[in-house]
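Structure first, commentary second.
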Amino acid sequence: MTKIHLALCVLGMTGLAAAQHTPSNDKWQSMFDGKTLKGWQALPTSKPPADGNWSVQNGAILCPGTTPGWLSSDATYSDFHLKLQFRGDAKVNSGVFLRSQKTGQPHITGYELQIWDYQPAGYNTGSLVNTVKAPPVKIRGDQWNDYDITAIGDHYVIVLNGAPLLDAHDSAHLSGTIGFQCQVDNKIEFRNIQIMPIRH
């Protein structure tokens, strides 16, 4: 049996299946106040000490694309339902880190949920980089895109702009921070970041 199991043929049912794991008394928590980077920490990736030059502008977290780096949540999470919006041009290269550690490279210590339609190895938008590939999809360039992410144990369900995209299993990383990637010459914004920790 392989480590990764895809169920793309039944993606339409995954949202319901994931929701059944969520107790009704859990509540959405805002991870971004729309004004400051409170609750977040800028960290280096490929060129320390550069950390991305993150800021807040017009109610969104901004990576200006001047230096590489990533933005990590202060808090760590195990099982969760995460919703957020991102905006960049049609060829923007970024990502959402899931269950990453604050030390080391976040795409290695956790998962990188890709935001890039043109990744050379085929780990395009919606893929868990170097773990499982999503089917081809295009983001809405220069418009807000919606990511809906559920992580329960080794089960990951990814929905992009309301369309189910990925249903995969992998057990390499089970707890860590939420984060965003900043690449040189790749301006991107994030907003409306909400998380519902799932308690069993």
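The values are calculated or read from the model by the stated rules, or taken from the named source; none is laboratory data. Given the structure is predicted, the values throughout are model-derived calculations rather than measurements. Positions of Cβ are generated from backbone atoms using ideal geometry, with glycine treated the same way; all protein chains shown enter the neighbour counts. Please note that ligands, DNA and RNA were not included when accessible areas were found on the heavy atoms of the full protein model with its side chains. Shrake-Rupley method; radii C 1.70, N 1.55, O 1.52, S 1.80 Å.
If you scan region 151-167, which residues turn out to be of a type in the set (Gly, Ala, Ser) and buried (at least 22 other Cβ atoms within 10 Å of the Cβ)?
Initially, region 151-167 is screened for residues of a type in the set (Gly, Ala, Ser), giving 151, 153, 162-163.
Result: Ala151, single match.
Criterion first (of a type outside the set (Asp, Glu), more than 28 Å from Asn53 (Cβ to Cβ), out of contact with any Cys (no Cβ under 7 Å at 6 or more places or on another chain) and open to solvent by 30 Å² or more (accessible area, probe 1.4 Å)) does Arg140 satisfy it?
Working: of a type outside the set (Asp, Glu): yes; more than 28 Å from Asn53 (Cβ to Cβ): no; out of contact with any Cys (no Cβ under 7 Å at 6 or more places or on another chain): yes; open to solvent by 30 Å² or more (accessible area, probe 1.4 Å): yes.
When the stated conditions are applied, Arg140 does not pass them.
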Q: Scan (1) crowded, with 16+ Cβ neighbours inside 10 Å; (2) of a type in the set (Gly, Ala, Ser); (3) modelled with pLDDT of 95 or more; (4) not in a strand (DSSP E or B) for the single condition Ala42 breaks and write down its number.
A: (4)
Q.
Any residue that is in contact with a helix residue (DSSP H, G or I) (Cβ under 8 Å, 6 or more places away or on another chain) and in a strand (DSSP E or B) - is there at least one of those in region 86-99?
A. yes
Q) Any idea how many residues of region 172-198 are among the small types (Gly, Ala, Ser) and either part of a strand (DSSP E or B) or crowded, with 16+ Cβ neighbours inside 10 Å (or both)? A) 2
**Q.** Positions within region 164-195 being within 16 Å of Asp117 (Cα to Cα) and of a type in the set (A, V, I, L, M), in sequence order
**A.** Leu165, Leu166, Ile188
Q. Out of region 104-138, which residues are closer than 15 Å to Gln183 by Cβ, among the aliphatic types (A, V, I, L, M) and part of a loop (DSSP other than H, G, I, E, B)?
A. Val129
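Limited to region 82-131, what total is found for residues that are among the β-branched types (Val, Ile, Thr) and crowded, with 21+ Cβ neighbours inside 10 Å? Reasoning before the result, please.
To start, the set of residues in region 82-131 that are among the β-branched types (Val, Ile, Thr) comprises 92, 96, 103, 108-109, 115, 125, 129, 131.
The next check asks that each one be crowded, with 21+ Cβ neighbours inside 10 Å; those that pass are 92, 96, 115, 125.
Within region 82-131, residues that are among the β-branched types (Val, Ile, Thr) and crowded, with 21+ Cβ neighbours inside 10 Å number 4.
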Q: Quickly run through region 52-81 and pick out the residues that are surrounded by fewer than 19 Cβ atoms within 10 Å (Cβ to Cβ) and small (Gly, Ala, Ser).
A: Ser55, Gly59, Ala75, Ser78
